[in-house]
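Derivation of every value follows stated rules applied to the coordinates shown; laboratory data play no part. Keep in mind that what you see is a predicted model, and the values were worked out from it rather than measured. FYI the Cβ positions are ideal-geometry reconstructions off the backbone, even for glycines, and counts take in every protein chain you see.
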2 protein chains.
Amino acid sequence: MDDPFTEPADTRETILGAAFRALCEHGYADLTIKRIGEAFEKSPSLVYHHYDGKDELLVDLLEFLLDGFETAVSGDAFELPPRARLDAYVAAMADPGGVDDEYAPDGRFLVAMVELRAQAATDAAYREHFDRSDRVFRRFLERSVREAAAESVASGDGAVPREAERDVHPAAVAETLQTLAIGAMLRWSTTADRDWTGAVREEASRYLSTTLPAVDPEA
Amino acid sequence: MDDPFTEPADTRETILGAAFRALCEHGYADLTIKRIGEAFEKSPSLVYHHYDGKDELLVDLLEFLLDGFETAVSGDAFELPPRARLDAYVAAMADPGGVDDEYAPDGRFLVAMVELRAQAATDAAYREHFDRSDRVFRRFLERSVREAAAESVASGDGAVPREAERDVHPAAVAETLQTLAIGAMLRWSTTADRDWTGAVREEASRYLSTTLPAVDPEA
């Protein structure tokens, strides 16, 4: 994953970039405003001038990164066709080390995301962010599922059922992929075992292959 | 979920029971040895006599609960037939409030489990526990998938493929269900949105219905 803060546009982005690097290096629990200051050779007082504390800064970092993702996927300029996009999404969460994609999150970032997401269990500001985050990723996945289903109609892949049998909603498939990807991220970050990653990627792919022909792209 | 500590056998179980109640009440971040002492009207010094600190105690609590689950599922006395058992497992994680089962974890317990699991991102003792935990649940799920697949052979459910086409391994399905359930647990604990729970339960059920006839129960 490339550092999204190589050319900060203003002080906010400079601080967020430092927070991003410090978070990946130290993890959530050991992150302090002092360490964030060190990551861009400024005094902690500059950070305190903009943020009341570590969590306010980290929620702003999460919002900034999510805004970036939302902008990146709002157009039509996808590098990958829809089905490959879905497979790549699952792979990026289940096996971040094995994905050769500059946009895929790396392992340290995934671990930090899990730590931040766990804060949402008890902190309303994080919770509000992850509610929005799940909506943004769900919309991206739903759109990709819709396009992949339309493609499977056009190409006549597999045993395409009659129109009346295309009764699976793209949103249901999107929610399922999203839940699977979040589970993969949590497993990957909290266990040493990696044996499951291949099986989950293969089963997700088999699920898509059997499900997409049953998805109604117009639903 | 019933309190698994209503009849503690010894001091260890008495302390673990107090930790369990205090954890569900206060959550991980606000849990202290003092609050655990208050939960069974003893002085914190009794707790310190047995444990070096909060995390050592909580890892022992996790191990105790996992031992209980492992014992409960080691026999053949399941209340539910295998397929219903798999559906109930997904439901317990995706919508703990909606499950009427004394063995299903309740919401507060799920939230606490997510907080503890997040510790495993940076703490080796938690990590070792969740590695074991995922193995135990995987074995339970793999066994249930195997039995449900054998049942689908016996009953001739759906379009059962020829024997040569039963090429999905029960372990791959088990890992996928386990990953989906963990993702559901994390989503449920960290967002306010509940709209996805029905779709995920339905898609998991559809995945099982199309997959079980392709699973080799002898693999």
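List, shortest first and in nm to one decimal, how far the label point of residue A:4 (7 Å from Cα along Cα→Cβ) is from its counterparts in the other copies.
Values, ascending and in nm: 3.9.
Taking the Cα centre of segment B:1-72 as origin, work out the dipole magnitude from +1 charges on Lys and Arg Cβ and -1 charges on Asp and Glu Cβ, in debye rounded to 20.
320
Can you tell me the dipole magnitude for segment B:76-219 around its Cα centre, using point charges on the Cβ only (Lys, Arg +1; Asp, Glu -1), in Debye to the nearest 20?
280
At a Förster radius of 51 Å, what calculated FRET efficiency corresponds to the Cβ-Cβ distance of residue A:132 and residue B:48, to the nearest 0.05?
0.75
Report the calculated FRET efficiency for residue A:125 and residue B:84 (r = Cβ-Cβ distance, R0 = 45 Å), to the nearest 0.05.
After rounding, the FRET efficiency stands at 0.65.
How would A:153, A:173 line up from fewest to most surrounding beta-carbon atoms within 10 angstrom?
A:153, A:173
If we hang a label 7 Å off Cα along the beta carbon direction at residue A:68, how far is it from the matching labels on the other copies, in nm, shortest first?
Here residue A:68 shows inter-copy label distances of 4.4 nm.
Tilt of helix B:11-26 relative to the longest C-alpha principal axis of chain B, in degrees (0 to 90, nearest 10)?
Roughly 80 degrees, rounded to the nearest 10.
Using unit Cβ charges (K, R positive; D, E negative) and no other charged atoms, how large, in debye to the nearest 20, is the dipole of the protein assembly as shown about its Cα centre?
Dipole magnitude for the protein assembly as shown comes out near 140 debye.
For residue B:42, list the aspartates and glutamates whose Cα falls under 20 Å from its own Cα; do not include residues on the same chain fewer than 8 positions away.
Counting by Cα, and skipping residues close in sequence, residue B:42 has these aspartates and glutamates nearby: B:3, B:7, B:10, B:13, B:25, B:30, B:52, B:55, B:56, B:60.
DSSP loop (so not H, G, I, E, B), at most 13 other Cβ within 10 Å: list which GluC sites (Glu not before Pro) in segment A:1-54 pass both filters.
Sparse-neighbourhood loop GluC sites (Glu not before Pro): A:41.
Quick one: angle between helix A:196-211 and the longest Cα principal axis of chain A, in degrees between 0 and 90, rounded to 10, please.
Around 40 degrees separate the two axes.
So what's the net charge close to residue A:200: Lys and Arg +1, Asp and Glu -1, counting the other residues with Cβ under 9 Å from its Cβ?
So the environment of residue A:200 carries a net charge of -2.
Enumerate the calculated ³J(HN,Hα) couplings along segment A:120-127 in order (Karplus 6.51 cos²θ - 1.76 cosθ + 1.60, θ = phi - 60°), each rounded to whole Hz, writing x wherever the residue is Gly or Pro.
5, 4, 10, 10, 5, 5, 5, 4
Note the distances from residue B:84 to each other copy's matching label point, with points 7 Å along the Cα-to-beta-carbon direction, in nm, sorted shortest first.
4.7
Among B:45, B:197, B:18, whose Cα projects farthest towards the positive end of the dipole of chain B, with charges put on the beta-carbon of Lys, Arg (+1) and Asp, Glu (-1)?
B:197
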